[in-house]
Amino acid sequence: MKIKVIKTDKDYKEATERVYELMKSENDLLEPDSEYGVEVEVLSLLIEQYESVNFPVDPPDPIEALRFRMDQMNLKQKDIAPLLGGETRASEILNRKRSLTLKMITLLNRYLGIPLESLIQGNKDYKLDPERKKKILTVPGIREILNNKNTAIL
């Protein structure tokens, strides 16, 4: 297969089929420095790049990330209560009645290894009132940052 940048769905399909074909192959071992090993590595990088642009995956909701990690580690609510300020507070957090604080986010990251991006993403409750929003958007540097993020804030 001629290796090229993946630009279309057709290219993507061909590349994924070729990687699958090579992975199933019993004739040659896919040694890292072999011809087929290099082909799989390069195609995998091209596929990953195409997928990151065309099929972006948003970070999980913070509570979903926490629940997922609890499930992975076989933890119960009472096990994580010390990180959240007690069993009552843990219940409120897990039932979305209370937001995570910066301290809780830091502790969950440190002790459970949950990525910070997952814990702070989705906290869309914080919004400026219209008057303050209008004022802040008059600052050129801030407006430029928001434009670069392609955000719906504007």
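Remarks
- Residue match in the stretch 112-129 (condition: aliphatic (A, V, I, L, M) and out of contact with any helix residue (DSSP H, G or I) (no Cβ under 7 Å at 6 or more places or on another chain)): no
- All positions within the stretch 82-106 that are more than 20 Å from residue 71 (Cα to Cα) and either touching a Leu at 6+ places or on another chain (Cβ under 7 Å) or loosely packed, with under 15 Cβ neighbours inside 10 Å (or both): 97, 99, 101, 102, 103
- 2 or more residues among the β-branched types (Val, Ile, Thr) and either farther than 19 Å from residue 3 by Cα or free of Cβ contacts under 8 Å to residues at least 40 places away in the same chain (or both): qualifying helices (runs of 4 or more DSSP H) within the stretch 14-97: 35-54, 87-94
- Filter pass, residue 119 being modelled with pLDDT under 95, under 17 Å from residue 60 (Cβ atoms) and part of a helix (DSSP H, G or I): yes
The values are calculated or read from the model by the stated rules, or taken from the named source; none is laboratory data. Everything numeric here is computed off the predicted structure, so don't read it as measured data. Methodologically, a virtual Cβ is constructed for each residue, glycine included, from the backbone with ideal geometry; neighbour enumeration extends over all protein chains shown.
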